[in-house]
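Heads up, the thing below is written out as structure tokens.
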Amino acid sequence: MPKRTDIKKILIIGSGPIVIGQACEFDYSGVQAIKSLKKEGYKIILVNSNPATIMTDPEFADATYIEPIVPEIVEKIIEKEKPDAILPTLGGQTALNLAVSLHERGILEKHKVELIGADFKTIEAAEDRKVFRKVMQDIGMDLPKSGYAYNIAEAIKISEDIGFPCIVRPSFTLGGVGSGMVFTKEEFIEIASNGIQASPINEILIEESVLGWKELEMEVMRDLADNCITICSIENFDPMGIHTGDSITVAPAMTMTSKEYAKMRDDSFKILRAIGMKSGGANIQFAIDPKTGRQVVIEMNPRVSRSSALASKATGFPIAKVSSLLAVGYTLDEIQNDMTAPRPASFEPTVDYHVVKVPRFAFEKFSGASQTLGTAMKSVGETMALGRTFKEALQKAVRGLEVGRSGYGADGHSGDAELEAYYDDGGALQQKAVEEVKYKLGTPNCDRLYNVRLAMKFGMSIDEIYDISKIDKWFLNQLKEILEVENELSGVLKHKEDKQKELIYKAKQYGFSDKQLAYLTRKSPEEIRELRKKLGIQPSYKLVDTCGGEFDAKTAYYYSTYESEDEVAVSKNSKKIMILGAGPNRIGQGIEFDYCCVHGVLALKEEGYETIMVNSNPETVSTDYDTSDRLYFEPLTVEDVLNIAEKEKVMGVVVQFGGQTPLNLATELHKAGLKILGTPIESIDLAEDRKLFSKVLEKLNIPQAQSGTATSFKEARKIAEEIGYPVMVRPSYVLGGRAMEIVYDEKALENYISKAANVSPGKPILIDKFLNHAVEVDVDALCDGKDVYIAGIMEHIEEAGIHSGDSACVLPANSLSEKVLNDIRKHTINLAKEIGVKGLMNIQFAVKDGIVYILEANPRASRTTPYVSKATGIALAKLAAKIMTGKKLSELLPKNLLNGPSKEVKYSTVKEVVLPWSRFANVDTVLGPEMKSTGEVMGIDADFGRAFAKAELAAGSLLPDSGAVLVSIGPRGKEEALSIIKDFVALGFEILATKHTAEFFNASGIPAKEVAKIAEGRPNIVDVITNKQVSFIINTPSGAKSRKDGYQIRRNAIMYGIPIVTTLAAAKASVQGIKAKRKSDWSVAPLQEYYKKNS
Amino acid sequence: MVLKKGYLALESGKVFEGTSFGAENEACGEAVFNTSVFGYQEIITDPSSFGHITCFNHPHVGNYGCNKDSNESPGVCSGGIVVKECSAITANQLSEFSLQELILKNNAPGIEGVDTRALTKHLRDNGSLKAVISFLGDYPSKLVEKAKELKIDDSKYIPEVSCKEKYIYCQGDEGTIGVIDYGCKSSFLKGIASKGFKIIVFPYNVKASEIMESEINGLFLSNGPGRVLKEMSASVKEIIEKCPCLPVFGVCAGFQVIADAYGAKFKKHKIGRHGANHPVKNLETGRVEITAQNNRYTLDAASIEKSKDFVVTHINLFDNSVQGIKHKKLPLFAVQYYPATAMSETSYLFENFFGMVKKNA
């Protein structure tokens, strides 16, 4: 069927901010959709609240709305743009949920907009577990036993029929929030009651446990002519019971027979048809009982997903692109497979390599969170690696995870040094160690790979390990084979050269890194590298081509292995630049940096350079095979990067765009003779080395907070006394605010130092004067060595002391005086020039009492680079890339923008963050110097209040229009809060507060109603939250005495979905937002329209 | 454990070194790659693989073991097996024996540690090549010479793998289906039997008269390796002419026999079609089927059109070759790929055939 001509304008819905369970993969799918549909001549309207996405670049869609993805806003967009169709299958669960709301509110019908890809019925059949179950039963699918409950009595009755263990799943929650495995009746009652609360329709599903079964996934597609194909099978290394997002997964499936696979494939197609998936990609999960082979259906996602992004990268088949084309009427056989053109997309990709995905966790950021993996997803990112075998791919994935490991063990990091020591001790301790490791195998956490390793080292057999862990024996055997080679390696250098060569080659085929070999042979990685070269052991690069080599492929997507043939035809082109990506997403380093990398690539291509991308994150746009000229899907380590650089003979490497990851490699790459493009290595050092940096600041006369370095409590106490409390303390080596704390007195300092000693033995503690109640400011700037462009001065809403990545901010700044702004500009310009920045730079300032202090400077792309680019319409990363090739700012921008004020914008933009509190039960939700947010949104409107209200709405908290405000403020903030609370009262809000606060307010003429503290009996502050008697909460952290109350307030607010702010600044902004919203209804406009106002 | 070293030597001069995971002997044949990830047991026991040195390009082979039920014939038909890595353990509840055990029992050599992607690309670019796998200690250069000197006559394959005598495979009351065994996969027989038909299996060189005397209600022309012989198509032609109402369904070699019977020409394909992902378009429905294939010849489209008796029903979308034909008037049709007897988008072919047979019973 040819494409549809009855639709001309298509609205694509993005997935909003990055949250656990929904990351860059939907930017990747959205970009593919927009590109391919635009090429077909459709007008594309996009809505996505996330400014860090590539899809929201104004040059992609015809109209780009950075607006909250909620029905009331999207209806405005529909009214304005009048699209013919909405494509809801590329924006994750967010887009599907929105499509459902639009349908249920009659908006689609009213405006005559059609859902393409999947319609309401399809979404309902797949998402509503009850309907899904019925549909599955009708077509004869086997399912786990189950039942629905709406109250606890019903739930208990069902659980009695099914027996324990069983699983509780609340309906309609994102990524399985609130679901859990239950082993006892007591546990059941707790989880079931919470689940009924968490579900927006107060419904839970209770299911037979398939814990320990094999978990498999099928990535399938269907077109409007009912052709169905499988793109990829995925097998989970981890058994059922661990969310697939938290599981190590492999492609293709390894332990199914061809008949089992044929059945699963056929069942998948039946499911596609029965659910009514009209066109596009879908993901279906199955479980197989390893004892009997019984195959049951678990769930189906009628959309592209994290798994489909993985399947796309794993096979080279662009699922999102093809899904988009299918949605407008093409059939699979009418679409070409880019890799093997002119052959069609109507085939099933096959692979001649193995793919492993490993998730990355951030438990260190959330003290108190349970680290045991379960049915609710907790990981924040993932890395993928390709190798010729599982062993090779796994080891590459582990080092690509960037958690300090160089492979599967043998790198000087023990899984558990204590346990190993116990074991080595022999005797009773040995038994204890074995028991402990058995326990660990049964309660899997992010270290489970190493627990398996330890178990093997302790002499446990594959069968024993399997019985506890339920990790399939095939995988366990592969891990054992890695260990066996490791054992051969320690004596490798004693052998003659040919034997050495044989063993090292084998080790490389098993995925061992040079660092591991160095550790095992007590050499340096550089020495191993030299030895390897001497022995002629070099990686070969192979192509990902969708067809297992059957046809000649036209794309350049490579991975490294150690095999007989290398397929890269290196071009003679001397204008060749390598761009290093950001690796797996983590808190503090996510999609923003992929945005920068992609922009860098695009700009370098514009300048006529051949671009080589290196990255290991399968969710990203940068790892799309048609982003760069050549893509190397490889871990970002010195070894892997150098291998590629030497192979490709690149003129230089860009380390500014991928966050801290490439920056950490820069020194060693530079030492190995690779040219670092842009800001030179000496300049990077100047900014990163505290002492050198301090000298620069002194020279430039830029105020900085007093600071000192201490290696003992005594020293620390002395410094703290000198500079005066409060002080900010942190270990010297950390990133992203890890283990940073604000300390108000000596006792707290002592406490911190004793903890920090564990964090980094022997490493000094950095102590800075903490600027209490200072306004924090972020500046992004460009410098070519001569001129500086100040791209944006962002004023934080939260005060200094809260990590900049967790703070909301506004651009243009709305409360800073012209003098302060001028000082900021002056400092920025002087610093950029003095350091010698060539490219991007980010500086954080704190403003207190009119004085502008510098906090830190980073000569690289920052988290805010995309936000500033979107807010101002000037694509910073592109300009930075061009500067790196030698272009001058004076050639790139109008002269009047240089060395002075930023480009003036005639509207306000607010960046707000989203935090993963709902994922981590029992974790306090207070913000601090350690970054905890996973993503961000942007609100854009005519003034600050409206932009802020939009940003809040986009971040998931709708500012209330009326109701009661619960106020709980520490002693330090009461006075300051008065004006804010007055504003709330003026807007008609009722004020609830605890005794002292209420008395204080009443004495100040503000009517406030008293609510009991928890210890004072009931009803108390928690009851008013759980009864939803309040519509807004202001809770600032206070002394330890009432910390428990504060904690309960904050956790319950999250659970019951009541907007809460934990700083007065945010409360103040909220009042402005509520006021602005009162004045008039929401209005929407695309970026393209805003930019016109500026010109 | 010291693994026995050996070589895969190709007539092109290319040699791959590896270690043994099967019989430590020598085998000759045409090196053929297979892109399927699943189904190694079915592929090497498929009689259509006779004469092949089968190279699996997916690196992990043998993972889920083997079982009796998955054998497509009593033993291994491939001359030798080439893999990157053969799993040391079998990880599936259905496994009864390992791939190593299967090939050892059949005295076939298996070589592992080979860069199977490089091998695949070499075969893709050079066409299938004569090859020797050897663990007998000869120098690679000698093995290359040996490969060069190999005489391959693929018209001898079907007589090798066909049954020697007629036999009754099973009884049934839905009607009787005659199967001419050119190297028939067991799964076809099992699939037909599961629908309640009586099956009589005939050897490849069965006389038309013998089939006609057998009171069958339908005739299935099976798959098989290599080139089909004139005598095979002659006798099938005779049956069709004398019993125009007899439903006849051919697959793979059976497809070639029917086309050949009507004067169509075949050309040997450079590498053949060996895998599980070939898209075939059904021209009657417009639907695309993903098919498993193991065949070496390409039908000359012009020559079948010339016969005027047939319509082309299926086209392979990888190479646009004709892979399905149907007689305009008679209940006679064939496909070159492997249709499924149950499940899968290709099972309708057998279902259609069974319907015709029942009508004719």
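Every number in this text was worked out from the coordinates using simple rules, so none of it is lab data. All of these numbers come straight from a predicted model, not from anything done at the bench. Don't worry about glycine lacking a Cβ; one is built from the backbone with ideal geometry, like all the others, and counts go over all protein chains shown.
Annotations for the structure displayed:
- Assigned charges on the beta-carbon of Lys, Arg, Asp, Glu; the protein assembly as shown dipole about Cα centre (debye): 1980
- Helical content alone sets the calculated 222 nm signal of chain B at -7000 deg cm²/dmol, taking -39,500 (n - 2.57) per DSSP H segment of four or more residues and averaging over every residue.
- Prolate/oblate/rounded label for segment B:258-361 (Cα gyration tensor, a/c 1.5): oblate
- Residues with amide H under 5 Å from that of B:L129, placed H, sequence gap 5 or more: B:A31
- Cβ-Cβ distance of A:S1083 and A:F172, R₀ of 30 Å, FRET efficiency by 1/(1 + (r/R0)^6): the value works out to about 0.50.
- Remark: spin-label model distance A:Q431-A:A1003 equals 6.6 nm, labels positioned 7 Å along the Cα→Cβ axis.
- Looking at segment A:968-1060, the trypsin sites (Lys or Arg not before Pro) that sit in a DSSP loop and have at most 13 other Cβ atoms within 10 Å of their own Cβ are A:K1028.
- Part-to-part distance (alpha-carbon centres) for segment A:359-377 and segment B:1-35, which is given in Å: 48
- Note on A:539-552: average number of Cβ atoms from other chains within 10 Å of each residue's Cβ is 5.
- Size of charge dipole - segment A:1-105 - debye, nearest 20, with Cβ of Lys, Arg +1 and Asp, Glu -1, no other charges: 360
- Look at the dipole of the protein assembly as shown built from charges on Cβ: of A:Q1048, B:V228, A:F366, the Cα furthest out on the positive end belongs to B:V228.
- Hits among aspartates and glutamates - C-alpha to C-alpha of A:K515 under 14 Å, sequence gap 8 or more where chains match: A:E402, A:D411, A:E486, A:E526, A:E527, A:E530, A:E639, A:D640, A:E668
- Selection of GluC sites (Glu not before Pro), segment B:248-316, meeting DSSP coil and at most 16 other Cβ within 10 Å: B:E284
- Our note on the geometry: Cα centres of segment A:519-542 and segment A:324-345, 43 Å apart.
- Electrostatic tally near B:E165: other residues with Cβ closer than 14 Å to its Cβ, Lys and Arg +1, Asp and Glu -1, net +1.
- Computed about its Cα centre, the charge dipole of segment A:402-443 is approximately 180 debye, with only Lys, Arg, Asp and Glu carrying charge at their Cβ.
- Neighbouring partner chain Cβ atoms per residue of B:58-69, average, 10 Å criterion: 5
- Three-way shape call for the protein assembly as shown based on the alpha-carbon gyration tensor, with the a/c threshold at 1.5: prolate
- Here the gap between A:S707 and A:K80, fully extended at 0.36 nm per residue and compared with their Cα-Cα distance, gives a gain of 220.3 nm.
- Residue separation of A:K506 and A:K755 scaled by 0.36 nm, minus their Cα-Cα distance, works out to 85.3 nm of gained length.
- Counting Cβ atoms of other protein chains within 10 Å of each Cβ in A:340-350 and taking the mean gives 5.
- Rounded if a/c under 1.5, otherwise prolate or oblate - segment B:312-361, Cα gyration tensor axes: oblate
- Taking every DSSP bridge with both residues inside segment B:1-148, close to 60 percent are antiparallel.
- Extended-chain gain in nm, criterion 0.36 nm per residue less alpha-carbon gap, A:K649 and A:D685: 10.4 nm
- Over chain A: helical MRE at 222 nm, DSSP H runs n ≥ 4 each giving -39500 (n - 2.57), nearest 500: -11500 deg cm²/dmol
- Segment B:177-227: GluC sites (Glu not before Pro) in DSSP loop, at most 14 other beta carbons within 10 Å: B:E215
- Beta-bridge orientation, chain A: approximately 70 percent antiparallel, per DSSP, counting only bridges with both partners inside.
- Dipole of the protein assembly as shown [Lys/Arg +1, Asp/Glu -1 at C-beta], most positive-end residue of B:G65, A:T637, B:Y204: A:T637
- Ordering A:936-943, A:567-574 by mean Cβ neighbour count within 10 Å, with the highest value first, yields A:936-943, A:567-574.
- Simple label model, 7 Å out from Cα along Cβ direction - B:V311 to B:L3, nm: 5.4
- Each label point was placed 7 Å from the Cα along the Cα-to-Cβ direction; for A:D1023 and A:E818 their separation is 5.7 nm.
- Gaussian network model of chain B, springs between alpha carbon atoms under 10 Å - residue of B:S186, B:S134, B:S307 with greatest fluctuation: B:S307
- Model label zone, A:D467; criterion: amide N under 18 Å from point 7 Å along Cα-to-beta-carbon; scope segment A:201-238: A:212-213
- Cα centroid separation, segment A:248-318 to segment A:167-211 (Å): 24
- Think of segment A:994-1095 as having a plus end and a minus end, set by charges on the Cβ of Lys, Arg, Asp and Glu; of A:S1095, A:I1058, A:V1084, A:S1095 sits farthest toward the positive end of this dipole.
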